[in-house]
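This report refers to the structure that appears directly beneath it.
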Amino acid sequence: MTVPGPIDPPARLLMGPGPISAYPSVLRAMSAPLVGQYDPFMTAMMNETQQLYRGVWATANEATLLVDGTSRSGIEAALVSLLRPGDRVLVPVFGRFGHLLAEIAERAMAEVHTIETDWGQVFPVSVIEEAIVRVKPAVLALVHGDTSTTMAQPLDEIGALCARHGVLFYSDATASLGGNAFETDAWGLDAATAGLQKCLGGPSGSSPITLSERAVEVIRSRGRVEAGIREDGDPQASDFIRSNYFDLGMILDYWGPRRLNHHTEATSMLYAARECARLMLIEGRAQAIARHRLAGAAMLAGVQALGLGVFGDIAHKMNNVVAVEIPERVNGDAVRAMLLDDFGIEIGTSFGPLHGRVWRIGTMGYNARPDAVYTTLAALEAALRRFGVPVPSGGGVQAASDVYRAG
């Protein structure tokens with residue numbers, strides 16, 4: 001066989017809904033030498049990473065750590081560890097990723113109840129409360145920002161609502177953390193998970209998670225340590241967590257003082273996750289969110305100035321992604337292909353009822369900056385002209401520039 005050459009990816013500006021272009025220092029961190037998983041340097045890096053992510057999550061939760069795997073691994077770890085078989089879980093669905101939470105909860109053998117609203121909308125608190133009263137779930141599982149619709153569900157009143165009704169509150173913040181307000185403790189979250197590949201500006205492959213004391217109590221009550229590393233006195237619950245890899249009880253012990261030999265930490269991803277959090281906290285949480293808000297507002301103004309419609313309730317749009325309605329008689333995939341082939345810029349399409357109806361353009365992480373916004377708008381204008389769409393010359397870039405200048 002012919003041995004291929006070394007990897008040589010093309011230059012890309014990733015302006016879709018994620019993954020995005022990683023911060024250069026994150027990529028440099030990933031190339032740092034490996035050490036053993038119990039090397040004092042490694043355990044110190046784990047401790048530092050935990051503390052950094054407490055800042056990112058705005059929490060005092062001791063149980064703040066990483067799950068090795070993409071953002072979906074964090075979701076699955078949270079749901080399979082919190083939900084006993086037969087437990088009721090309520091999932092409000094306002095996009096593709098609500099359906100994902102329901103799918104994972106069903107695989108965890110929970111009794112899944114869903115409520116749905118139109119894509120492009122979010123739920124009033126009253127609707128969620130009515131469903132909680134009716135269903136009486138053990139867990140409310142709610143996406144914060146769903147990139148399939150670009151909507152952000154307000155969470156600030158949900159935690160108190162769950163506390164009143166004795167419900168654990170879990171949120172998937174994969175697409176929102178770092179670029180939109182997310183206040184774990186102030187909003188009363190019991191569990192939240194995310195990924196690096198959106199606003200945190202890293203590669204996919206590590207899932208930050210934070211757990212309240214209430215959530216940890218549930219997880220510990222289902223404790224079981226596998227044979228071979230089990231010690232006298234270790235719990236052996238009859239309703240143990242039905243996953244080994246995603247057993248948050250053993251993962252907590254791996255990250256804690258016991259350093260249980262549950263798995264081998266993905267060292268390079270730990271370095272990446274640590275650098276993502278470090279960069280955010282150096283910039284400042286509020287400043288990072290404001291930067292995403294400004295970049296998102298500039299992109300929104302730019303596409304509107306090109307005469308393009310925007311899908312959904314703009315009042316509840318995420319800071320970091322906009323769904324742009326594809327003009328009639330325009331082949332959306334052909335425009336995306338031109339942007340990629342001619343300009344090296346990637347934007348996204350969507351799923352389900354929105355597939356072929358919208359482009360999703362992201363402004364997040366390293367790419368939430370003026371030059372990336374301007375370059376994308378200029379290329380989109382050129383592509384639209386190529387496909388016969390009359391657009392104002394320079395209108396998108398000018399409108400975005402006006403937003404940036406207004407600050």
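The values are calculated or read from the model by the stated rules, or taken from the named source; none is laboratory data. This one's a predicted model, so the numbers in the text were calculated from it and none came from an experiment. Cβ coordinates were reconstructed from backbone atoms using ideal geometry, including for glycine residues, and neighbour counts include every protein chain displayed. The area values use the complete protein model at the heavy-atom level, side chains included, leaving out ligands, DNA and RNA. Shrake-Rupley method; radii C 1.70, N 1.55, O 1.52, S 1.80 Å.
Tell me the residue from Ala173, Ala186, Ala163, Ala141 that is over 20 Å from Trp119 (Cβ atoms), touching a Phe, Trp or Tyr at 6+ places or on another chain (Cβ under 9 Å) and of a type outside the set (Asp, Glu), please.
Numbers: Ala173 fails: over 20 Å from Trp119 (Cβ atoms); Ala186 fails: touching a Phe, Trp or Tyr at 6+ places or on another chain (Cβ under 9 Å); Ala141 fails: over 20 Å from Trp119 (Cβ atoms).
Sole residue among the options that is over 20 Å from Trp119 (Cβ atoms), touching a Phe, Trp or Tyr at 6+ places or on another chain (Cβ under 9 Å) and of a type outside the set (Asp, Glu): Ala163.
Return the residues of segment 347-372 that are charged (D, E, K, R), under 24 Å from Ala290 (Cα atoms) and open to solvent by 50 Å² or more (accessible area, probe 1.4 Å); say none if nothing qualifies.
So the first thing to find is which residues in segment 347-372 are charged (D, E, K, R), and the list is 357, 360, 369, 371.
Still in the list and also under 24 Å from Ala290 (Cα atoms): 360, 369, 371.
Answer for segment 347-372, where residues must be charged (D, E, K, R), under 24 Å from Ala290 (Cα atoms) and open to solvent by 50 Å² or more (accessible area, probe 1.4 Å): Arg369, Asp371.
Tally the residues that are among the hydrophobic types (A, V, I, L, M, F, W, C), open to solvent by less than 90 Å² (accessible area, probe 1.4 Å) and closer than 15 Å to Arg274 by Cα, restricting the search to segment 28-44. So that I can check it myself, show each step before the final result.
First pass over segment 28-44, keeping only residues among the hydrophobic types (A, V, I, L, M, F, W, C): 29-30, 32, 34-35, 41-42, 44.
Going one step further and asking which of them are open to solvent by less than 90 Å² (accessible area, probe 1.4 Å), we end up with 29-30, 32, 35, 42, 44.
Imposing the further condition that a residue be closer than 15 Å to Arg274 by Cα reduces the set to 29-30, 32, 42, 44.
Within segment 28-44, residues that are among the hydrophobic types (A, V, I, L, M, F, W, C), open to solvent by less than 90 Å² (accessible area, probe 1.4 Å) and closer than 15 Å to Arg274 by Cα number 5.
I'd like the full set of residues that are among the hydrophobic types (A, V, I, L, M, F, W, C), under 23 Å from Met46 (Cα atoms) and surrounded by fewer than 20 Cβ atoms within 10 Å (Cβ to Cβ), limited to segment 226-259. Steps first, please.
As a first pass, look at segment 226-259 and keep what is among the hydrophobic types (A, V, I, L, M, F, W, C): 227, 229, 237, 240-241, 246, 248, 250-252, 255.
Restricting the remaining residues to those that are under 23 Å from Met46 (Cα atoms) gives 229, 246, 248, 250-252, 255.
Correct list: Ile229 only.
Suppose we keep only residues that are open to solvent by less than 20 Å² (accessible area, probe 1.4 Å) and among the β-branched types (Val, Ile, Thr) within segment 309-340. Which one would you say is nearest to Thr363 (Cα to Cα)?
Checked segment 309-340; the qualifying residue nearest to Thr363 (Cα to Cα) is Val321.
Each row is one residue, and each column tells you yes or no for (1) under 24 Å from Leu177 (Cβ atoms); (2) β-branched (Val, Ile, Thr); (3) in contact with a strand residue (DSSP E or B) (Cβ under 9 Å, 6 or more places away or on another chain).
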site: Thr210; (1), (2), (3): yes, yes, yes
site: Ala215; (1), (2), (3): yes, no, yes
site: Asp253; (1), (2), (3): no, no, no
site: Leu260; (1), (2), (3): no, no, no
site: Ser268; (1), (2), (3): yes, no, no
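Within segment 272-293, work out how many residues are within 20 Å of Met30 (Cβ to Cβ) and either surrounded by 22 or more Cβ atoms within 10 Å (Cβ to Cβ) or in contact with a strand residue (DSSP E or B) (Cβ under 7 Å, 6 or more places away or on another chain) (or both).
7
If I ask for residues that are within 26 Å of the chain's Cα centre (by Cα) and either modelled with pLDDT under 95 or not in a helix (DSSP H, G or I) (or both), which ones from segment 30-44 would you list?
Answer for segment 30-44, where residues must be within 26 Å of the chain's Cα centre (by Cα) and either modelled with pLDDT under 95 or not in a helix (DSSP H, G or I) (or both): Ser31, Ala32.
For segment 79-96, which positions are in a loop (DSSP other than H, G, I, E, B) and open to solvent by less than 10 Å² (accessible area, probe 1.4 Å)? Quick ask: steps written out before the conclusion?
Step one: list which residues in segment 79-96 are in a loop (DSSP other than H, G, I, E, B), which gives 83-87, 94-95.
Hits for segment 79-96 are Leu83, Phe94, Gly95.
State yes or no: is Gly356 part of a loop (DSSP other than H, G, I, E, B) and either at pLDDT below 95 or more than 21 Å from Phe94 (Cβ to Cβ) (or both)? Even if it seems obvious, please write down each step before you answer.
Numbers: part of a loop (DSSP other than H, G, I, E, B): yes; either at pLDDT below 95 or more than 21 Å from Phe94 (Cβ to Cβ) (or both): yes.
Here the answer is yes, as Gly356 does meet what is asked.
Before we move on, is Leu377 hydrophobic (A, V, I, L, M, F, W, C), open to solvent by 10 Å² or more (accessible area, probe 1.4 Å) and assigned to a helix (DSSP H, G or I)?
Here the answer is no, as Leu377 does not meet what is asked.
Before we move on, is Ala22 part of a loop (DSSP other than H, G, I, E, B) and either in contact with a Cys (Cβ under 9 Å, 6 or more places away or on another chain) or at positive phi (or both)?
yes
Quick one: which of Val3, Val35 is among the β-branched types (Val, Ile, Thr) and in contact with a Ser or Thr (Cβ under 8 Å, 6 or more places away or on another chain)? Full working, then the answer.
Values: Val3 fails: in contact with a Ser or Thr (Cβ under 8 Å, 6 or more places away or on another chain).
Only one candidate qualifies: Val35.
Give the residues of segment 101-111 that are within 15 Å of Val143 (Cα to Cα) and without any contact (Cβ under 8 Å) to a residue 60 or more places away in the chain, sorted by residue number. Walk me through it before giving the result.
Of segment 101-111, the ones within 15 Å of Val143 (Cα to Cα) are 101-105.
The answer is Ala102, Glu103, Ile104, Ala105.
So Gly145 passes all but one of these: (1) in contact (Cβ under 8 Å) with a residue 60 or more places away in the chain; (2) over 20 Å from Leu196 (Cα atoms). Which condition number does it fail?
(2)
For segment 216-225, name all the residues that are open to solvent by less than 30 Å² (accessible area, probe 1.4 Å) and free of Cβ contacts under 8 Å to residues at least 40 places away in the same chain.
Result: Gly223, Val225.
Which one is farthest from the chain's Cα centre (by Cα), of the residues in segment 165-188 that are free of Cβ contacts under 8 Å to residues at least 40 places away in the same chain and buried (at least 24 other Cβ atoms within 10 Å of the Cβ)?
Phe169
Would you mention how many residues in segment 69-78 are more than 19 Å from Arg214 (Cα to Cα) and buried (at least 22 other Cβ atoms within 10 Å of the Cβ)? Give the steps one after another, and end with the answer.
Residues of segment 69-78 that are more than 19 Å from Arg214 (Cα to Cα), as a first pass: 69-73.
Checking the rest, the ones that are also buried (at least 22 other Cβ atoms within 10 Å of the Cβ) come to 71.
Number satisfying all stated conditions: 1.
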